[in-house]
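The values are calculated or read from the model by the stated rules, or taken from the named source; none is laboratory data. Small disclaimer: the values here were computed from a predicted structure and weren't measured. Please note: Cβ atoms are built from the backbone with ideal geometry, for glycine as well, and neighbour counts cover all protein chains shown. What goes into the accessible areas is simple: the full protein's heavy atoms, side chains included, and nothing from ligands, DNA or RNA. Shrake-Rupley method; radii C 1.70, N 1.55, O 1.52, S 1.80 Å.
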Amino acid sequence: MSRTDDVLLHVDRLTLTLPAASGPIEALSGVDFTVRRGEVFALVGESGCGKSLTASAVVRLLAPGARTPDGRIRFEGRDLLGLTEREMRGFRGSRIALVFQEPATALNPVMTVGAQIEEMIRASRKARSTTAESAQSEGTHAALSPEHEAVEWLKRVRLPDPETLAHRFPHELSGGQKQRVMIALALSARPDMLLADEPTTALDVTLQAEILGLLRTLQQEENLTLLLITHDLALVEAFADRLALMYAGETVECAAVRDFFASPRHPYATALLGALPGADRTRPLAAIPGTVPAPSALPPGCRFAPRCPKARAICRTTPPEARTAGASVVRCHFPEGFPETDARGKAVKKDASDALNTSSAANASNDAASSTSSVPLLSVRNLTVGFRARGFFTRDPEPVVRGVNFDVRPGETVALVGESGSGKTTTGLALLGLLGGKARVTGDVDLAGTPLFPLTRAAERRLRRSVQMIFQDPNASLDPRRTIRSTLLEGMESLRPEWSKAERLERVERLLRAVGLPADAAERLPHAFSGGQRQRIAIARALSVEPKLIVCDEPTSALDVSVQAQILNLLKALQREFGLGYLFITHNFGVVEYMADRILVMKSGRIVEAGEADEVLAHPTAPYTQRLLAAASPREEGVEPLRARPRRAPLKSFLQSFFSRTFLHSAAFA
């Protein structure tokens, strides 16, 4: 699949099995791709396709009982599967470094971030000291002590006041800061290959552009090879050289990025590209029907056949072999010439009608709905949020949100955009009364004409029933000890006592179907799901009590494009059906362009620009807005985008510890 003289990593027909009560199940089958030295190679696909599992297999960080009965993983020609664990430790970190998807769980909570980077620097120096290259590589950097080099790496990933931050613990950092620390930690070992699992997931658009620029600079300066795992196709198009598309544990297409976006060969690739949101708000997104099959329930024949609009008889009985189609390698019986418009329309209509028994036209433009009522559902005037100082004689710091004014009408979507730390999430939490006693919230907030503040017990219950929030971090906002059924029933039992038990159980089934999860997911615990699947559960929980207004804090940031399309279609369908209002907090300007009626741009706690979505996106007046839009369209100099795509930037974690997040979640249903 590539030349052999410059191949750094070759995954050759890899098969991996996982233990199960009924016997081993095949989670990966025939995974085959090569990564060349000095390139950016991307593994893409929906949640549950096996991307992260493949990466774990490369560095042999697998669950007990996992086996690789077939295939090879060669790094510089050496089979990693044949190494002892002691030998493998010499590769992890110093030769192959990792950036994990969830930095909050990857960082050591009892060590300062500086100490963790210092530990990595010492370990990598020790590992390289036995090699001939150490005399050259360490000659430049060994002059710095590990403590000073750790601070330098924190500077290189654009962290403010790195000398002070090096002495902080992970729980004292924001989600974006933790992710940047993870990148600094990985790069401090100066590896040959960086294996990055959603490396910019916690960063806003400007920081994402900076980090990607840093990675590109390091790649050029040190011949660094990147294996990028992501569901962000916009990032792949702008940043990667080649890619492998995975589905249900198989690689179904390997191609140069330019060829993939210009002429995708596999019908799954075509469907994914068709699900990207854009400026056309008058028709639903082309969501792919169904879900990725579980490893224990793989269909016969082609694994994509049950979801493929052009599947034929042979596709349902005979697994396809990998074949060359142009410059690409594709695993498909019929890799070319798939018309897509009609099939996509039918798929979306079917998905939308299954969502919550909404009509087939429910996903159409909601412009009419948004203009039917002149009475605001939510009215915010002069909202100011500050926090009390900890010390008795210490002056209170400046407010983090100052003088915010906006309305949200029934059926309207108001997008609140800005960089990490600009005050977007704090604004949403203040509206729900979830900031706790240390916050000072002033201003006038009316819900359907009724003042909310001061928040009495009766007003709080009315607020919880009418306004819900989709939190940023699904891993932290879901109770790890509750099944999904119990999680969805919790709010209904507390806030919808008039519903019968049968109605609630039926609602659980419809919610799971709406967010693209199988019915048996109701009996599982959150840890059994991928990050994207946990976000779907969080969305279902917010919808469970039929609120009038939903504060959506990055609701699709952890989702792949197909599930994102399903969720956005669902949110629009519900909005049209019930006149829901959305306060949509996001970094993703592609989603803003598709969903928003109006846009509020926030900087340092203030609204610096507000207006109709089309006007703000086409003719931004504030320099800050112009900078955000420029950063949201990353591309290499001189390379134009190959097709319209969303301007995505991902999830930012705003809560500092598991216990504080659990408290907020519980308070939302109190």
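Couple of notes before you dig in:
- For the stretch 390-403, the criterion of being in a strand (DSSP E or B), at pLDDT 90 or above and of a type outside the set (Lys, Arg) is met by at least one residue.
- Qualifying position, being modelled with pLDDT under 90, open to solvent by 40 Å² or more (accessible area, probe 1.4 Å) and within 30 Å of Gly48 (Cβ to Cβ), among Asp473, Asp520: Asp520
- Restricting the first member to the stretch 499-510 and to residues that are under 12 Å from Val545 (Cβ atoms), and the second to residues that are among the hydrophobic types (A, V, I, L, M, F, W, C), the beta-carbon pairs closer than 8 Å and six or more apart or on different chains are Trp499/Met492; Arg504/Leu489; Arg504/Met492; Arg507/Leu488; Arg507/Met492; Arg507/Trp499.
- Of the criteria (1) more than 20 Å from Pro103 (Cα to Cα); (2) modelled with pLDDT under 80, which one Gly249 fails: (2)
- Unmet requirement for Asn382, which otherwise passes all of (1) closer than 19 Å to Phe453 by Cα; (2) within 32 Å of the chain's Cα centre (by Cα); (3) at pLDDT 85 or above: (2)
Every residue, every condition in (1) under 17 Å from Ala150 (Cα atoms); (2) assigned to a helix (DSSP H, G or I); (3) charged (D, E, K, R), yes or no:
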| position | (1), (2), (3) |
| --- | --- |
| Ala97 | yes, no, no |
| Gln101 | no, no, no |
| Thr105 | no, yes, no |
| Met111 | yes, no, no |
| Glu118 | yes, yes, yes |
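- Of all residues making up the stretch 436-470, the number that are surrounded by fewer than 19 Cβ atoms within 10 Å (Cβ to Cβ) and either assigned to a loop (DSSP other than H, G, I, E, B) or under 30 Å from the mean Cα position of the chain (by Cα) (or both): 11
- Residue-level check: of (1) under 26 Å from the mean Cα position of the chain (by Cα); (2) in a loop (DSSP other than H, G, I, E, B), Gly428 misses just (2).
- Filter result for Phe669 (aromatic (Phe, Trp, Tyr) and either open to solvent by 70 Å² or more (accessible area, probe 1.4 Å) or modelled with pLDDT of 50 or more (or both)): no
- The stretch 192-205: number of residues that are open to solvent by less than 10 Å² (accessible area, probe 1.4 Å) and either modelled with pLDDT of 80 or more or in a helix (DSSP H, G or I) (or both): 5
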